[in-house]
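Reading through the structure tokens given below for one structure.
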């Protein structure tokens, strides 16, 4: 039996521990005692906090130019904001972004609710105890609560005077374009899905690998090229959360120095095989057209119904080096 918790040390600090009960038996296999083993989990907890920071970095240290622009605008506007609307698919890191906003606004009292489970909120009462509130799944708002919430947020003088903050979030931008929408979206921040930010995939994967290798005491230093190809070409329906789960699982499975494609889920292995098959077939078609036209690239392009520039780009992308045509082929 293993449980996690914490104890208070002599300085009054929390020390995170795990407690395991070990049964002690005699030669007759009878239980004669129970020993409790305490393990200091402080370092593990600190590393798991670092894993959460990778999710923040997914937004804030993105190599994607549009995300860099979005975040730069947010940083500059943040001191004056009292309403923020965050849009991002499942797993893109909306909660991580909210944590960053709360920290950088220096807000101490914060609460959050999901409209999946709570249909209405008394904001006047909530703001007596909290300086900020995060309302999740705002696209599920009821008609009655929408009207009440609109009346509340239109009174921005009260929010400004008391330095209050309301964060709204949604997995999709499906609200009607009405007065309510335009009031909550005065500042709108969209987290771009991972499939449109492939330049960020390996940055996040390597960060997760570093932290999970420490957590599970593994000596894994990187990824094989096959694993990199599979990770970069997958679409991640659940975004950064799915990538995190994939890397953690791969670290647990791996007993070598590098994570290989065999340590990744079957769906990633299958997708890379499909894409490699498509590339192989495309290469075969182009080579056949070149051979048919005595390696005259202009005629081969015409045969395939491609413009000259498109055909030459395909040759470069597929690494096809065609020998010069020895004779011209007449139309």
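Nothing in this text is a laboratory measurement; each read-out follows from the coordinates by a stated rule. This structure is a prediction, so every number in the text was calculated from the model and none was measured. When we count neighbours, we look across all protein chains shown, and the Cβ atoms used for this are built from the backbone with ideal geometry, even at glycine.
Remark: C-alpha extents of region 65-191 on the principal axes read 40, 31, 25 Å, sorted largest to smallest. Each of 67, 253 was scored by other Cβ atoms within 10 Å of its Cβ. Listed from fewest to most, they are 253, 67.
Full extension of the segment from residue 288 to residue 203, taken as 0.36 nm per residue of separation minus the current Cα-Cα distance, would add 26.7 nm.
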